[in-house]
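Engineer: So that we are looking at the same thing, I have put the structure below in structure tokens.
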Amino acid sequence: MHVWRIEPREYARQEARRGRRHAYASLDPARTALIVIDMVPFFVEASPYVRGIVPNIGRIAEALRIAGGLVAWVLPANEAPLGRVSGEFYGPVVSQTFAATGGEGPPRSRVWHAFDVRPEDLVVEKTAYSAFFPGRCVLPELLAEREIDTVVITGALTNVCCESSARDAATTGLRVLMVADANAARCDRDHNATLHTIYRSFGDVRTTDEVLDLIGNRTPGTAEPPRAGA
């Protein structure tokens with residue numbers, strides 16, 4: 001798991017602005033969606049950090065379903081994320097590799113095998129890094145149909161697809177919570193840089209246990225682990 005950190009001075013800045021540490025002190029589970037980004041074999045098999053967040057994502061998914069919320073699994077589509085310039089930007093070999101990260105077969109079968117993907121869950125593909133960029137994923141429209149106003153961002157990689165999705169979701173007016181111990185990057189530095197950016201300008205940053213408390217279905221006896229900067 002990442003050793004995550006938000007600087008005390010950033011907590012202090014936000015507390016001075018709004019009178020509290022966290023932007024969103026409550027959520028309505030029925031209007032909340034857990035967004036699970038790119039948890040497919042290509043990314044999970046390559047990183048112990050990504051494998052490490054699997055249990056926490058599962059805990060949030062189960063709690064939110066019980067409380068009446070929505071779980072959405074977002075997969076990479078089989079095309080490179082920068083469209084027509086991907087070959088020029090990445091080079092042809094890497095561009096082709098990125099175009100195949102989503103894997104083969106029906107979308108539900110491509111989610112990492114340790115997850116319990118339920119029939120009522122959404123499973124969608126995105127053709128860009130962001131799941132909320134207009135025209136590149138059907139997710140925003142599906143959430144709007146269900147009157148979702150809050151999204152809980154989890155998955156991989158923290159500083160690429162997860163950050164891109166969080167920024168764009170906030171821009172559309174959604175309440176964004178990024179889960180510090182249910183996102184994963186290649187190193188602590190990358191992970192923490194994104195947490196700082198999201199917390200400062202786009203949404204809230206919470207732990208899995210804190211999200212479970214907000215949902216109101218926390219498993220008895222669990223406790224939040226110590227974190228730096230708290």
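Engineer: Using only Cα atoms and rounding to the nearest 10 degrees, what angle (0 to 90) does helix 188-201 make with the longest principal axis of the chain?
Structural biologist: Taking the Cα atoms of the chain, the angle to 188-201 is about 70 degrees.
Engineer: Next question, about the same structure. If you add up the charges near Thr32, with Lys and Arg at +1 and Asp and Glu at -1, over every other residue whose beta carbon is less than 12 angstrom from its beta carbon, what do you get?
Structural biologist: +1
Engineer: Sorted by mean Cβ packing within 10 Å, highest first, what order do the peptides 194-200, 47-53, 127-133 take?
Structural biologist: Ranking the peptides 194-200, 47-53, 127-133 by packing returns 127-133, 194-200, 47-53.
Engineer: Next up: Over region 70-169, what is the relative contact order in percent, taking alpha-carbon pairs closer than 8 angstrom and at least six residues apart?
Structural biologist: Answer for region 70-169 is 28 percent.
Engineer: Okay, next question. Taking the Cα centre of the chain as origin and charging only Cβ (+1 Lys, Arg; -1 Asp, Glu), how large is the dipole, in debye to the nearest 20?
Structural biologist: 540 debye
Engineer: Distances longer than 11 Å among the Cα atoms of region 121-161: what percent of all pairs is that?
Structural biologist: Summing the P(r) of region 121-161 above 11 Å gives 69 percent of all pairs.
Engineer: On to the next question. How much area per residue is accessible in region 34-123 when the probe is 1.4 Å and only protein heavy atoms are counted (Å²)? Intermediate results must be reported in sequence, preceding the final value.
Structural biologist: Working: 4260 Å² over 90 residues.
Result: 47 Å² per residue.
Engineer: In whole Å, how far is the Cα centre of region 62-120 from that of region 138-153?
Structural biologist: What the calculation gives is 17 Å, centre to centre.
Engineer: Among Val152, Pro8, Thr172, flag the residue with its Cα farthest along the positive direction of the charge dipole of the chain, charges on Cβ as +1 for Lys/Arg and -1 for Asp/Glu.
Structural biologist: Working it through, the farthest residue towards the positive pole turns out to be Pro8.
Engineer: Which percent of the accessible heavy-atom area of region 30-102 goes to carbon and sulfur, probe 1.4 angstrom?
Structural biologist: Working: 1850 of 3090 Å².
The C+S portion of the solvent-accessible surface of region 30-102 is 60 percent.
Engineer: Helix 8-18 against the longest principal axis of the chain: what's the angle in degrees, Cα atoms only, rounded to the nearest 10?
Structural biologist: The angle comes out at about 70 degrees.
Engineer: As I understand it, the dipole of region 1-80 uses +1 on the Cβ of Lys and Arg and -1 on the Cβ of Asp and Glu, about the Cα centre. Which of Ala25, Ala61, Ile37 lies farthest toward its positive end?
Structural biologist: Ala25
Engineer: Let me ask something else about it. Run the simple label-point estimate for Glu79 and Arg186 please: 7 Å along Cα→C-beta, distance reported in nm.
Structural biologist: My value for the distance between the label points is 2.6 nm.
Engineer: Now for a different question. Could you list, bin by bin from short to long, the percent of Cα-Cα pairs of the chain in 10 Å steps?
Structural biologist: 8, 34, 39, 16, 3, 0
Engineer: Using 0.36 nm per residue of separation minus the Cα-Cα distance, give me the extension gain between Ala30 and Val3 in nm, one decimal.
Structural biologist: Length gained between Ala30 and Val3: 6.6 nm.
Engineer: So how strong a dipole does region 89-172 carry about its Cα centre when Lys and Arg Cβ are +1 and Asp and Glu Cβ are -1, to the nearest 20 debye?
Structural biologist: Computed charge dipole of region 89-172: roughly 280 debye.
Engineer: Okay, moving on. What distance in nm separates the simple spin-label points at Glu120 and Ala46, each placed 7 Å from Cα in the Cβ direction?
Structural biologist: Simple spin-label model gives 3.4 nm for this pair.
Engineer: Could you work out how far apart the two model spin labels at Thr171 and His22 are, taking each label as a point 7 Å from the Cα in the direction of the beta carbon, and quote it in nm?
Structural biologist: 2.7 nm
Engineer: Going by accessible area, probe 1.4 Å, with all protein chains left in place, what is the ranking of Met1, Met178, largest first? Working shown, then result.
Structural biologist: Values: Met1 110, Met178 0 Å².
Heavy-atom accessible area, descending, gives Met1, Met178.
Engineer: While we're here: Using a 1.4 Å probe over the heavy atoms of the protein chains, calculate the carbon and sulfur portion of the accessible area of region 139-185 as a whole percent.
Structural biologist: Working: 650 of 1410 Å².
Within region 139-185, the accessible surface is 46 percent carbon and sulfur.
Engineer: List the GluC sites (Glu not before Pro) within region 63-136 that fall in a DSSP loop (any state other than H, G, I, E or B) and whose Cβ has at most 15 other Cβ atoms within 10 Å.
Structural biologist: Here the GluC sites (Glu not before Pro) that fit, given the DSSP loop and packing criteria, are Glu104, Glu120.
Engineer: Using 0.36 nm per residue of separation minus the Cα-Cα distance, give me the extension gain between Glu145 and Gln96 in nm, one decimal.
Structural biologist: 14.2 nm
The values are calculated or read from the model by the stated rules, or taken from the named source; none is laboratory data. Computed from a predicted model, the values in this text were never measured in an experiment. A quick note on method: Cβ atoms are made from the backbone with ideal geometry, for glycine too, and the neighbour counts reach across all protein chains shown. For the accessible areas, the whole protein counts, side chains as well, though only heavy atoms, and no ligand, DNA or RNA atoms are used. Shrake-Rupley method; radii C 1.70, N 1.55, O 1.52, S 1.80 Å.
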